[in-house]
Structures are given as C-alpha cells and as structure tokens.
Amino acid sequence: MFARVSRSLLRQGPLSLASASQAARIGSRANSTLSIEVRGSGTGLAQTIASPPYTIVTDTYKTLGGTETAPSPLSYSLAGLAGCNQVTGGLVARDLGIKLGKWEVEVKGELDSAVLIKGSKEGHGNWDSIELKIKVETDADPAKFELFRDETERRCPLSQLFIRSGVAWKNEWVNVKL
C-alpha cells in the first residue's frame, strides 16, 4: 500500500520524509477522488451559481460594467483560498493530533489587469502574486507547527492550484498558543 500512495503523491511534487510517512498513515484517502460540480446562470456580469445545497452570487465592480451587488469572482478565488486552508488545516491537525482554536486568515492578491480589462497581448491573465497570512491557535510545539503548516500547504487543493500556476507565492503562518 505504501508504494501506491507514494507514487500518487510523487505526481503532486517532491516528498519529504515526513509527508511520505504521513501518506502511509492516512492510507487510501490520498487516492480518493472528490467530484464537485457547480452550475451558473445570469445576465450582464452577475451570475447565480448553484453548488447544492448552496447558492452564491457573483458580480463585479462598476468600473468593469458590473453593479457591485455581490463579490467578484476574483474575490471569491481569494476567499476560497482562505477557506480551503482552514478546512485542509483542520484535516491535517486531526491527522497530527493537534488541537485548534481560532483562525485569522488574510489573503492579498495582486493582478495585472491589462489582459483582463484591455485584452493586452503582453502579460498573462493570472495573479502576479498571492500573500497568505494565517494566525491560528494550536497546542503544537514549533516543530509540529512547522509540519502542520507545510502539510496544510501541500494538501490544500487551492494552495496547490495557485503555487503550480507560477504565481509569486508567500505563505506566512503564526502559531498562537491555545
């Protein structure tokens, strides 16, 4: 079983000894597939998106032709990164036996809007940089907190999406004692 898990994880990038041993401990979860589907419809630049049983609404800034009735998809991408780190962190903490308390998450993204707004042929339509700052209450000692942080980044699908896209990535975590 360990060989199957490690091959699966190698496709995701380099492994440390700690993450390989974690993979062996968590077993088949590393080979599971979670299928998620959303559907949207709207008019103008606003859209209602269903992800049963939930519904979210997107719009954009007035300067882009929106009505600012809801967060922009760009804001949702950063909000998704914040929430995904907390959810993933909860799973990692459970696996490592770490108790968690309050989370404070701040995400800042810098986007060169020339491609998006003006259709520029120069540049790209991706974020230029993402800065993730997390303060979380834990009972972890410094070494275990470092493993918790690194493993959360490795296992978080949205962190990996941003990192693998080539964006300049900064990830700062602060351990606040419970």
Inset, instruction - Could you tell me which chymotrypsin sites (Phe, Trp or Tyr not before Pro) in the range 30-102 are loop residues by DSSP with no more than 15 other beta carbons within 10 angstrom of their beta carbon? - result: Tyr61
Legend entry - Spin-label pair Glu110/Ala50, simplified geometry with 7 Å Cα→Cβ offset, distance in nm: 4.1
Inset, instruction - Pairs of Cα atoms under 8 Å, at least six residues apart: use those to get the relative contact order of the range 98-178, whole percent. - result: 37
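Quick one: Ile134, Ile117, fewest Cβ neighbours within 10 Å first, how do they rank?
Values: Ile134 20, Ile117 11.
Going from least to most buried by this count: Ile117, Ile134.
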Inset, instruction - Identify all lysines with a Cα-Cα distance to Lys99 below 28 Å; exclude those on the same chain that are fewer than 8 residues away in sequence. - result: Lys108, Lys133, Lys135, Lys144, Lys170, Lys177
Legend entry - Inter-centroid distance (Cα atoms) of the range 51-72 relative to the range 97-152, Å: 22
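FYI, it's all coordinate maths here, none of it is from the lab. Not measured: the values here are computed from a predicted model. As a convention, Cβ positions derive from the backbone with ideal geometry for all residues, glycine included, and neighbour counts pool all protein chains shown.
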